[in-house]
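Structure record follows, encoded as structure tokens.
The values are calculated or read from the model by the stated rules, or taken from the named source; none is laboratory data. If you're wondering where the values come from, they're calculated on a predicted model, not measured in any experiment. For neighbour counting, all protein chains shown are included, and Cβ atoms are generated from backbone atoms with ideal geometry for every residue, glycine included.
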Amino acid sequence: MVIKQLSSEPKKLFLIDSIGALTAAFLLFVVLRNFNEYFGMPERILTCLSVIAVFFCIYSTTCFFVIKANWTPFIKVISIANLLYCVLTIGLLIFYYPQLTTIGTAYFVGEIAIIIGLVYIELNVSNEIEKNRIVKYKND
């Protein structure tokens, strides 16, 4: 249901992604850095992750306002970028695990789970758009 709806309005997917990236950047840079004793991830790492999230937000916001057609390659770019962000975060989670608190570990596992869910939706929307385009092309 969500995949079909977003494949007919892919612009909304970029809005969702940009809001998510902005939220992540805020949480990482403002909340986690200022309450680091409760999370345990080094501040410089939180800063780097928040900068990445800001770039994702800018990309998705730009796509939301600028792209008018041929959404698929742009959706694939952000979904792959999100997936790579998850891989990076998993690596950092493993590397810094000894100094992370339970809350810190829970935050990053939760963030990864949400992003993986978004990646799943993005890739399926991309495939649905392609499938619909092929069907339309064959019918024309």
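Brief remarks follow.
- One residue from Ala81, Ala113 being on the phi < 0 side of the Ramachandran plot and exposed (fewer than 13 other Cβ atoms within 10 Å of the Cβ): Ala113
- Residues of region 34-46 classified as loosely packed, with under 13 Cβ neighbours inside 10 Å and not charged (D, E, K, R), total: 2
- Residue within region 120-130 that is modelled with pLDDT of 95 or more and closer than 30 Å to Pro42 by Cα present: yes
- Scanning region 39-61 for residues that are β-branched (Val, Ile, Thr) and either part of a loop (DSSP other than H, G, I, E, B) or over 19 Å from Ala113 (Cβ atoms) (or both) turns up Ile45, Thr47, Val51, Val54, Ile58, Thr61.
- Residue list for region 70-87, restricted to those being β-branched (Val, Ile, Thr) and either over 12 Å from Ile112 (Cα atoms) or over 17 Å from the mean Cα position of the chain (by Cα) (or both): Thr72, Ile75, Val77, Ile78, Ile80
- Filter pass, Val66 being closer than 30 Å to Asn132 by Cα, aliphatic (A, V, I, L, M) and over 13 Å from the mean Cα position of the chain (by Cα): yes
- In region 62-87, residue nearest to Glu122 (Cα to Cα) [restricted to those that are in a helix (DSSP H, G or I) and without any contact (Cβ under 8 Å) to a residue 12 or more places away in the chain]: Ile80
- The residues of region 88-127 that are over 15 Å from Ala53 (Cα atoms), within 13 Å of the chain's Cα centre (by Cα) and in contact (Cβ under 8 Å) with a residue 60 or more places away in the chain, listed by number, are Ile121, Glu122.
- Residues in region 1-32 that are modelled with pLDDT under 95, in a helix (DSSP H, G or I) and more than 16 Å from Thr72 (Cα to Cα): Val2 alone.
- All positions within region 7-33 that are surrounded by 22 or more Cβ atoms within 10 Å (Cβ to Cβ) and of a type in the set (D, E, K, R): Asp17
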